[in-house]
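Please read the structure below before turning to the comments.
The values are calculated or read from the model by the stated rules, or taken from the named source; none is laboratory data. Remember, it's a predicted structure, so these values are computed and weren't measured experimentally. Every residue, glycine among them, receives a Cβ derived from its backbone with ideal geometry; neighbour counts consider all protein chains shown.
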């Protein structure tokens, strides 16, 4: 029964967001992300990897309930948002003052941070793997990723395409260092901003949009299934492993059922199965996330993964990421989870409304701020999600404040 309800809600939401004439917003993006990350619900099981082998877990009814509530809340909020009164006269859009050079300043910060990384590694960045990068590079690497991705979206919205290309080139270095998410956030933000600017449309009737979305989704799953063998073949020159991998009969099925969403929902499934809980006091760590340079001040928090993985997945030797729905449930049970899901849906609606009435760098910031929240939230815990949002907020506010202060100062001198 729980699986049937999930299927009905999922299909209803897909049809609504595809064929209802509406402005593409963060609720649309959030629902699309839910469809991807809740793919195990369509297969009836999740999987996770142990010592090279994938373990299959049958989904519990409670897991279907959580997924149904998340998708149902986003769908209902989207429908209510579409019922708001529309103004015939064009409303004034808001933008930050003296923000023309914010993108340039952010790009400069990104370039300087990248140079600092290069000097720190004696210009041998490309031979450092992802695990070493995160352990060695620290704040400079974060500053490079956040500032460059912000500049990339800003230049696109400002239609400064030469600077946009330059920012892409600098951002692509992050991929060579093993970090795909900053560039992915930037491109998803650009697509979201473009669709949002297009006004009301029925997505399902736009073949190019659907085709591009399918290509991107396919590329994501294929990279997850074949990326490791491709990198191995590229480094060794032996392409037999890669060719055997992609030519196997079950490659497409494996690309989906062994993808990240199946591992993420394994966390939720096992937390619910074992009735796993974490101390309520652990939420004190959320306050620490609002402190700048909190780790350096001794205010680091214990992530949800540090609680559940040693207990629920002791044989897994790699980091399993997180599941925010499992994290909230483990802290406060069903009531806190439902309250969190409703608040999350309403916050996406608020961000959508604000972004629709902004322009310039403010719009670029709001879109990039909202993309991790609407698309990437499923694989995070509360602590990392707040950390990610805080980084974009502080980086933009700092750059904007510098530009505004310098502009006012120069005008006074003149």
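General observations
- Some residue of region 187-207 being within 19 Å of residue 36 (Cα to Cα), at pLDDT below 80 and more than 17 Å from the chain's Cα centre (by Cα): yes
- The combined condition, being under 29 Å from residue 55 (Cα atoms) and at pLDDT below 75, is fulfilled by residue 224.
- Take the conditions (1) more than 16 Å from residue 34 (Cβ to Cβ); (2) buried (at least 19 other Cβ atoms within 10 Å of the Cβ); residue 328 misses just one of them, which is (1).
- Screening 398, 394, 362, 366 for residues that are out of contact with any helix residue (DSSP H, G or I) (no Cβ under 8 Å at 6 or more places or on another chain), free of Cβ contacts under 8 Å to residues at least 24 places away in the same chain and either buried (at least 23 other Cβ atoms within 10 Å of the Cβ) or under 27 Å from residue 148 (Cβ atoms) (or both) leaves exactly one candidate, 398.
- Beta carbons closer than 7 Å, at least 6 apart along the sequence or on distinct chains, pair a first residue in region 67-79 that is closer than 13 Å to residue 5 by Cα with a second that is surrounded by fewer than 19 Cβ atoms within 10 Å (Cβ to Cβ) and at pLDDT 95 or above for 69/338.
- Among the residues listed as 150, 137, 121, 106, the single one being modelled with pLDDT under 80 and buried (at least 19 other Cβ atoms within 10 Å of the Cβ): 137
- Selection status of residue 88, touching a strand residue (DSSP E or B) at 6+ places or on another chain (Cβ under 7 Å), under 30 Å from residue 159 (Cα atoms) and modelled with pLDDT under 95: no
- Any hit, region 22-36, residues being within 22 Å of the chain's Cα centre (by Cα), at pLDDT 95 or above, surrounded by 16 or more Cβ atoms within 10 Å (Cβ to Cβ) and more than 22 Å from residue 193 (Cβ to Cβ): no
Rundown of residues vs (1) without any contact (Cβ under 8 Å) to a residue 24 or more places away in the chain; (2) more than 16 Å from residue 110 (Cα to Cα); (3) assigned to a helix (DSSP H, G or I), yes/no style:
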| residue | (1), (2), (3) |
| --- | --- |
| 145 | no, no, yes |
| 149 | no, no, yes |
| 157 | no, yes, yes |
| 164 | yes, no, yes |
| 174 | no, no, yes |
| 179 | no, no, no |
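- Taking the listed residues 30, 41, the one that is in contact with a helix residue (DSSP H, G or I) (Cβ under 9 Å, 6 or more places away or on another chain) and within 30 Å of residue 155 (Cβ to Cβ) is 30, with no other qualifying.
- Scan of region 339-359 for residues that are in contact with a strand residue (DSSP E or B) (Cβ under 9 Å, 6 or more places away or on another chain), touching a residue at least 60 places away in the same chain (Cβ under 8 Å), surrounded by fewer than 21 Cβ atoms within 10 Å (Cβ to Cβ) and assigned to a helix (DSSP H, G or I), ordered by number: 356
- Any chance residue 97 is surrounded by fewer than 19 Cβ atoms within 10 Å (Cβ to Cβ) and closer than 30 Å to residue 144 by Cβ: yes
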